[in-house]
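The structure appears below as C-alpha cells.
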Amino acid sequence: MLFGALEAGGTKMVCAIGDEYGQVLEQTSITTTTPDETMPKIFEFFDGKEIEAMGVACFGPVDVRKGSATYGNILNTPKIAWRDFPIVQNIKDNLGKDLPVGFDTDVNGSLLGEVTWGAAKGLTDAVYFTIGTGIGMGAISGGKLVHGMLHPEIGHIKMSILDGDNFKGVCPNHGTCFEGMASGPAIEARYGKSAKELENNNDVWNLEAGYIAQAVTAVIFTLSPQKIILGGGVMHQKQLFPLIRNKVLEDINGYIDTKELRNISSYIVPAALNDNQGIMGALKLAALEIA
C-alpha cells in the first residue's frame with residue numbers, strides 16, 4: 001500500500017510517500033511560511049500520487065479529539081498565520097474528500113515511529129520528548145497514544161529555577177516554563193550563541209541537563225514509562241545524555257528502584273530512526289486510519 005505522510009513543523013513541512021512498513025519512497029521538504037503559501041506546495045507534491053490514506057503529524061496545539069467541532073485544526077499556536085487553521089479539512093478539500101487522514105501531534109507522531117520501528121519497539125508505555133525550537137512530549141500509555149482533554153503540553157510546565165540562574169525565559173505565555181528555559185531559542189537568548197556554537201561549554205550543558213532532568217523526573221513519577229526517548233535539535237548534543245541520566249537519578253534520590261533505572265543508559269535514550277521518526281510515524285498514522 002502507498003501512503004502519504006506530512007510532518008508539519010513550524011520551520012519546515014516534510015512530505016513523503018511510503019508504505020505500511022515505514023519505508024520512505026519519496027520525500028521533500030517545504031519551508032513553513034503561511035498556509036496560503038505553504039499548503040499549495042504540499043498539494044503539488046502529492047498531486048497524482050495514488051495514496052490510500054494520509055497521516056499528518058502536526059505542530060500544536062491541535063485538536064485531536066475526533067467528534068469535536070474543531071477536530072483537525074491547529075489551535076492557539078504562537079505561529080499567528082496558522083492559528084485556527086483547519087489543516088485536515090484543507091487536505092481533504094484538495095486531495096479528496098474521501099481520503100482517510102490520520103492526525104496527531106508531531107511529538108506523538110515521532111513517538112509512534114519509535115514505538116513501531118525504533119527505540120521503543122514493542123513497548124506499551126513510553127514517552128518521546130522533542131527539545132529544539134520548541135519543547136513537546138508525546139506519550140503512549142497502555143498501548144494508546146495519550147490525548148485526553150487535548151494532548152500533553154509538557155513544554156509549558158513551570159521549572160524550579162536552578163541556583164545562580166537569573167534568566168527570565170523566552171516563553172511569551174509562561175516565562176520560566178520548560179520551553180522558556182531549555183529550548184533552542186532559550187539557549188541562544190541566554191548566551192547569545194546557538195547550541196552548536198556552545199558545544200564545548202560544560203556550564204551550558206550542566207544547566208540544560210538540570211532543566212531537562214526536572215521534566216523527565218516528573219514524567220517518571222506520573223506516567224511510569226518503560227522507555228524515555230529524547231529527540232530534537234538540542235539533543236544532537238550527545239554530551240547531554242550522561243548528564244541528564246545522572247541528574248535524574250539525583251532527583252529520584254532512591255525513591256524508585258527498578259531494573260530500568262538501574263540500567264539508565266538503556267532507559268533514557270536518543271531517538272533511533274535517524275531523524276525520520278516523525279515522518280515514519282505519520283506513515284503509521286495513515287496505516288492506522290484504514291486498519
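The values are calculated or read from the model by the stated rules, or taken from the named source; none is laboratory data. Computed from a prediction, not measured in an experiment: that's the story for all the values here. Cβ placement follows ideal geometry from the backbone for every residue including glycine, while neighbour counts extend to all protein chains displayed. Keep in mind that these areas ignore ligands, DNA and RNA; they rest on the heavy atoms of the full protein, side chains included. Shrake-Rupley method; radii C 1.70, N 1.55, O 1.52, S 1.80 Å.
Here the condition is being within 13 Å of LEU6 (Cβ to Cβ) and among the polar types (S, T, N, Q); of THR70, THR38, it holds for THR38 alone.
Among the residues of region 76-94 satisfying the criterion of being open to solvent by 40 Å² or more (accessible area, probe 1.4 Å) and in contact (Cβ under 8 Å) with a residue 60 or more places away in the chain, which is farthest from ALA5 (Cα to Cα)? Checked region 76-94; the qualifying residue farthest from ALA5 (Cα to Cα) is PRO78. Set side by side, the residues ALA189, ALA218 differ, and just one is of a type in the set (A, V, I, L, M, F, W, C), surrounded by fewer than 19 Cβ atoms within 10 Å (Cβ to Cβ) and within 28 Å of GLU260 (Cα to Cα), which is ALA218. All conditions but one from (1) closer than 24 Å to PHE129 by Cα; (2) assigned to a loop (DSSP other than H, G, I, E, B) apply to THR70; the one that does not is (1). Selection over region 127-154 of residues that are over 24 Å from SER194 (Cα atoms), open to solvent by 20 Å² or more (accessible area, probe 1.4 Å) and assigned to a strand (DSSP E or B) gives a count of 3. Taken as a whole, the condition of being surrounded by 13 or more Cβ atoms within 10 Å (Cβ to Cβ) and over 26 Å from ALA182 (Cα atoms) does not apply to LYS247. Note on region 1-16: residues that are within 21 Å of the chain's Cα centre (by Cα), open to solvent by 10 Å² or more (accessible area, probe 1.4 Å) and of a type outside the set (Gly, Ala, Ser) total 4.
Criterion applied to ASN276, ASN253 was being open to solvent by 30 Å² or more (accessible area, probe 1.4 Å), closer than 21 Å to LYS12 by Cα and either of a type in the set (Phe, Trp, Tyr) or modelled with pLDDT of 95 or more (or both), and the one residue passing it is ASN276. The listed residues are GLU7, GLU20, and the only one of them that is touching a helix residue (DSSP H, G or I) at 6+ places or on another chain (Cβ under 6 Å), closer than 30 Å to PRO172 by Cα and of a type in the set (D, E, K, R) turns out to be GLU7.
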